[in-house]
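**Q** First, the structure itself, so that you have it in front of you.
Each reported figure results from applying straightforward, stated rules to the coordinates on display, with no laboratory input. Bear in mind the structure is a predicted one, so any value in this text is a computation, not a measurement. Cβ placement follows ideal geometry from the backbone for every residue including glycine, while neighbour counts extend to all protein chains displayed.
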Amino acid sequence: MEYNFFYTHLLLVPAITFACTVLLKWIFVKFKTWKVDLSRSLWSWWMPSVHSSVVVSLATAIAIKYWVNSDLFAMAMSFTVIIIYDAINVRFEAGQHAVAINASLWEKKFKESLWHLPSEAFAWSILGIISAVIIYYI
């Protein structure tokens, strides 16, 4: 079997996926606002979901390397489900709390939009799978 950099540097898969997702987010923000705003690409909300793409890429990389019936993959999938659930549901609730607090203060002091739609999380989970597979076969 030939040497595959992927096998010895598994952590590079989510790191590369993170960089690609942040770059895509920067491009989307640029086309939406027509301004160059690097800070918005690191925001933890809006499309694409960096959370989803990164954790799914790691789980996919582990599935490719150790197979889906391994204990390590089971742990990675548990971690992935928790992170995506948090990105969709828990942070939605935090945003609702921010709305209520801002209304009671009569000023917009807290960021209200903190969550991802399920479609955003799903769409960018696909990016995580694709990036892990591409990195494996490079």
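**Q** List the residues whose amide H sits under 5 Å from the amide H of S49, counting only those 5 or more places along or on another chain, with H placed 1.01 Å from N in the peptide plane.
**A** So S49 has HN proximity to W124.
**Q** If you count, for each residue, the other Cβ atoms within 10 Å and average over each peptide, how do 64-73, 126-135, 8-17 line up from highest to lowest?
**A** Values: 64-73: 13.3, 126-135: 19.6, 8-17: 16.4.
Ranked by mean Cβ neighbours within 10 Å, highest first: 126-135, 8-17, 64-73.
**Q** Can I ask one more? With a point put 7 Å past each Cα toward its Cβ, work out how far S78 is from F31 in nm, to one decimal.
**A** Each label point is offset 7 Å from its Cα along the Cβ direction, giving 4.0 nm.
**Q** Per-residue counts of other Cβ atoms within 10 Å, averaged by peptide: what ranking do you get for 77-84, 55-62, highest first? Can you show the working numbers first?
**A** Working: 77-84: 15.9, 55-62: 25.9.
The packing order, highest mean first, is 55-62, 77-84.
**Q** Which lysines does K109 reach when only Cα atoms under 29 Å apart count, and residues fewer than 8 places away in its own chain are ignored?
**A** Here the lysines satisfying the reach criterion relative to K109 are K25, K30, K32, K35.
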